[in-house]
Amino acid sequence: MAKSAETITLQGAGSSFIRPVMQRWVASLPEAAGISAAYKAVGTSVAQSAVMAGEIDFAAIELPLPAKALADGDLMQFPVAFGALVCVVNLPGIGRDQLQLTGQLLGAIYSGTIKTWDDPKIAAVNPGVTLPNLAIAPLRLDTPAGTVFSTTYTFTQYLLATNPDWRAKYGAEVPRRWAVGSMTDGSEALAETLKVVPGSIGYMALGAAMASGATTVKLRNKSGRAVAASMESLRAAVDRVDWSKTPDMVPSLLDLEGEGTWPLVLPTYVLLQRHPKDAARGEAVRRLINFFVVHGAESAAKYASIALTPLLSEGQRTAKTEAVRSAVLAMLAQTTN
């Protein structure tokens, strides 16, 4: 059916991490909303500059801007989705989620301290699992821009959180924290390399791992439980956030307490102008983001991401999740012309 003459077409850009979800969201906009939208994965830094210049209507980013940058650019940001990062391996005889690792083991693997898969320290947390006498081949994402950087940054923040000596050894800059590992340009390249290199290990979004058929591993969380990445463990982690103590809407989601929590979570934030110059477009953006927040659950879940809405679906609503949705919608209402 043709769009009405009053339809406003909005432009969004940014992260490739959320691209599948975002494209599903914009494709499912009802015609009655009077808006349509397009989304391009151009990288977060490019999108940030574009939204500040008014060249696009909203940006999607993984690494939130600090308060001063938001104030200087007259911008606002808030989370719209949460995704799990997972470790993936190529080990003969090891199936999905049969292997268990810890943050400490990952730190030792990526520092080169543990060199083979049958190392006694790995065997100690995997009783009953036959580990091959195979050299470990760590893979890492190293392109210093966009989602690849965001993913690497989040993974190294996890290593920092679980390995107190990591920063002392490798410094505060993300690239300097890596002692060993072959570089790949992105999740697709990592997945292809993983398939052809026995003994390899890497990290990527859960949705990308599912799409590529990669073998995921369990991680031991802060409560000492071995947990598989899933919508349930991702939701459990997000539900640990005390949003009343997170006024900037930028929660810490790494290695949280809780038996069922997944320890590696990457939020995606929407960034937009607080005082858009074009009144009609400003109102259209508010309606668009409201649609994401209120109606985005199904599309997000298909790509192993939690939008705010799955936390708010019937039978799953809690005081915490109602509070965060209310806070997001209240922030959205603050956008004025």
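The values are calculated or read from the model by the stated rules, or taken from the named source; none is laboratory data. In this text, all values refer to a predicted model and were calculated from it rather than measured experimentally. Counting neighbours? That spans all protein chains shown, and the Cβs are built from the backbone with ideal geometry, glycine included.
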Does segment 231-240 contain at least one residue that is hydroxyl-bearing (Ser, Thr, Tyr) and either under 19 Å from Pro20 (Cα atoms) or in contact with a helix residue (DSSP H, G or I) (Cβ under 9 Å, 6 or more places away or on another chain) (or both)? no
When segment 220-248 is checked residue by residue, the ones that are over 16 Å from the mean Cα position of the chain (by Cα) and more than 11 Å from Gly260 (Cα to Cα) are Asp242, Trp243, Ser244, Lys245, Thr246, Pro247, Asp248
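Just to verify a result, which residue in segment 56-99, among those that are among the acidic types (Asp, Glu) and in contact (Cβ under 8 Å) with a residue 24 or more places away in the chain, is nearest to Leu194 (Cα to Cα)?
Asp97
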Checking the structure you have, find out if any residue of segment 116-129 is more than 20 Å from Ala228 (Cα to Cα), in a strand (DSSP E or B), of a type outside the set (A, V, I, L, M, F, W, C) and modelled with pLDDT of 95 or more. yes
Considering segment 101-115 alone, what residues qualify as being of a type in the set (S, T, N, Q) and either over 16 Å from Lys169 (Cα atoms) or free of Cβ contacts under 8 Å to residues at least 40 places away in the same chain (or both)? Thr102, Thr113
Residue within segment 48-56 that is surrounded by fewer than 16 Cβ atoms within 10 Å (Cβ to Cβ), in contact with a Pro (Cβ under 8 Å, 6 or more places away or on another chain) and not assigned by TED's automatic domain parsing to the domain that holds Thr215 present: yes
Which ones in segment 204-216 are under 18 Å from Tyr110 (Cα atoms) and surrounded by fewer than 24 Cβ atoms within 10 Å (Cβ to Cβ)? Thr216
Inside segment 30-46, the number of residues satisfying the requirement of being at pLDDT 90 or above, touching a Gly at 6+ places or on another chain (Cβ under 9 Å) and either among the basic types (Lys, Arg) or buried (at least 18 other Cβ atoms within 10 Å of the Cβ) (or both) is 3
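Filter segment 164-189 for residues that are among the hydroxyl-bearing types (Ser, Thr, Tyr) and modelled with pLDDT under 80; which is farthest from the chain's Cα centre (by Cα)? Don't jump to the end; show me each part of the working.
We begin by selecting, within segment 164-189, every residue among the hydroxyl-bearing types (Ser, Thr, Tyr); these are 170, 182, 184, 187.
Remaining after also requiring modelled with pLDDT under 80: 170, 187.
Details: Tyr170: 24, Ser187: 13 Å.
Residue satisfying both the conditions and the ranking: Tyr170.
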Would segment 68-77 turn up any residue that is under 27 Å from His295 (Cβ atoms) and within 17 Å of the chain's Cα centre (by Cα)? yes
In segment 254-289, how many are within 17 Å of Val80 (Cβ to Cβ) and part of a loop (DSSP other than H, G, I, E, B)? 1
